[in-house]
Amino acid sequence: MNQREVAMEGTRQNGKVEGALKGHEKGENGYNLARHLLAQAVIGTVFMNLAMNDTELAQLAMKRIEELGRISEETGRLTRTFGSPAMRKANGVVAGWMREAGMTVSEDAIGNLIGRYEGNDETGKTFILGSHLDTVRDAGKYDGPLGVVAGIACVQHLNEQKKRLPFAVEVMSFADEEGVRYQTTYLGSKVVAGKFNEKDLKKTDAKGVTLADAIKAFGGNPDKLTESKRNAEELLGYAELHIEQGPVLERKYQPIGVVSAIAGQTRIRARFAGLAGHAGTTPMAMRHDALVAAAQFVMGVETSTRLYTDLLATVGQIEARPGVANVIPGEVVLSVDVRHQMDSVRAAACDRLQQTANHAGESRGVAVEWEVAHEAQSVQCSRELTDTLAKAARQHLVDVMELVSGAGHDAAIMGEITPAAMLFVRCKGGISHHPDEWAAVEDVAVAVAVMNDFLLLMANQQNVPRKKKG
């Protein structure tokens, strides 16, 4: 059976999977049947050329994810924040895995853990595989750690074959991506990219510990953060493997997907200021109800998403004050999260939302305050790296799906100093930031195989002789 015939057989098997899901879409058994059939389709047909070593590496990666999932600063749930004893323990465990894979290990000034596998050319550049080890509170096990352990698996694959590439490979485990402890995301990658704001060193956590002191306690050096900035000229690129954190791949029956862009984000704080009053004595026509105005706006947020293709907008927090059963709400404060892969579309949508808020307020005699609390520009993944990643994926899949990441990732920061690419792995139900977060070992095996082939394709490109100018 040639590769095309293998691929076509895989497509037929996927048809069985779709039928299983449609026939049992309300039951766990239906999902398990579909997963079993998918494993047959992926492992038994489409991936006949998948080396067993890739599968073994994926199984090892999953075992390591389970081990990291038991390292927490809270009993009974997974929480691992920046600079915590749990993070120190996790770094120690992962450092051991890096050494086993043939890497030299170091930590930079903020506590990023770095494993380095030298290339066969001392003058060659460095390619980074990375993600993060910190988590949200009551987290799932895969968000972040999957990318770290998969990166180690790729280097282990090279080391076992005693293969060196024309560039060094580093696996970088960032010290903070989630921003839970200091409400500042991407601390680790910002230091590497030279984007860290030194004013953040004065920020305090819930216990009053400054970020500077937390870095010192962890063994880092807040005075030498700038020395941990990487020289962009010495970098070849950055790639991050991550669970999708959404339902698209599962719905399309795809184990992996290539990321084309990371959506930009605007976070807004809106305040509706009306007039509190007695619920039993103020006529309806004479009220200045802040909550009703806010509710009208919230409905408008949902409506706005139909006007712009792929726009995501969410009201995630809302507080009505004074919050008493028999008092008309005089004030409402809410948050709006707006995301899109095109910054111009996101900006236009935010302008329209502000107009919607003002209209809702004016119609009820309620004042509106509008504050942009956070803004991040969209990041287009490197077209060259993305094409190479897709080429590697097509060695194993008939169709390779491209999708936009609505969530932020370290790749967005690293993309400011070097070409960046991302590979998503399907996760069950699209669930993330939750203990039920889960990915199948079969899908991880596919992802590891693709990343291994991606590195080899990158090596082949580097080995191609360059034409001399003139």
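Going by the conditions given, is residue 117 among the aromatic types (Phe, Trp, Tyr) and either within 30 Å of residue 434 (Cβ to Cβ) or in contact with a Pro (Cβ under 6 Å, 6 or more places away or on another chain) (or both)? Judged against the criteria, residue 117 is not a match. Every condition in (1) at pLDDT below 95; (2) assigned to a loop (DSSP other than H, G, I, E, B); (3) of a type outside the set (S, T, N, Q) is met by residue 280 except one, and the failing one is (1).
This table checks each residue for (1) out of contact with any His (no Cβ under 6 Å at 6 or more places or on another chain); (2) without any contact (Cβ under 8 Å) to a residue 40 or more places away in the chain; (3) under 30 Å from residue 455 (Cβ atoms).
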site	(1), (2), (3)
246	yes, no, yes
255	yes, no, yes
265	yes, no, no
269	yes, no, no
300	yes, no, no
311	no, yes, no
320	yes, yes, no
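Against the list (1) in contact with a strand residue (DSSP E or B) (Cβ under 7 Å, 6 or more places away or on another chain); (2) in contact (Cβ under 8 Å) with a residue 60 or more places away in the chain; (3) surrounded by fewer than 22 Cβ atoms within 10 Å (Cβ to Cβ); (4) of a type outside the set (Val, Ile, Thr), the condition residue 224 fails is (1).
Does region 168-178 contain at least one residue that is of a type outside the set (Val, Ile, Thr) and surrounded by fewer than 16 Cβ atoms within 10 Å (Cβ to Cβ)? Looking through region 168-178, none of the residues is of a type outside the set (Val, Ile, Thr) and surrounded by fewer than 16 Cβ atoms within 10 Å (Cβ to Cβ).
Any idea which of 445, 360, 392 is among the hydrophobic types (A, V, I, L, M, F, W, C), within 30 Å of residue 233 (Cα to Cα) and buried (at least 18 other Cβ atoms within 10 Å of the Cβ)? First the steps, then the outcome.
On the way: 445 fails: within 30 Å of residue 233 (Cα to Cα); 360 fails: within 30 Å of residue 233 (Cα to Cα).
Only one candidate passes the filter, namely 392.
Taking the criterion of being touching a helix residue (DSSP H, G or I) at 6+ places or on another chain (Cβ under 7 Å), in a strand (DSSP E or B), closer than 24 Å to residue 182 by Cα and not assigned by TED's automatic domain parsing to the domain that holds residue 308, would at least one residue in region 217-238 satisfy it? No, because not a single residue in region 217-238 is touching a helix residue (DSSP H, G or I) at 6+ places or on another chain (Cβ under 7 Å), in a strand (DSSP E or B), closer than 24 Å to residue 182 by Cα and not assigned by TED's automatic domain parsing to the domain that holds residue 308. Determine, yes or no, whether residue 241 is among the hydrophobic types (A, V, I, L, M, F, W, C), surrounded by 15 or more Cβ atoms within 10 Å (Cβ to Cβ) and not assigned by TED's automatic domain parsing to the domain that holds residue 439. No.
Looking at 126, 185, just one residue is over 22 Å from residue 455 (Cβ atoms), in contact (Cβ under 8 Å) with a residue 60 or more places away in the chain and of a type in the set (Ser, Thr, Tyr), and that residue is 185. Listed by position, the strands (runs of 3 or more DSSP E) inside region 99-208 whose residues that are of a type in the set (Lys, Arg) number at least 1 are 113-117.
The values are calculated or read from the model by the stated rules, or taken from the named source; none is laboratory data. As the structure is a computational prediction, the values presented were derived from the model and not from experiment. Glycine gets a Cβ as well: all are built from the backbone with ideal geometry, and neighbour counts include every protein chain shown.
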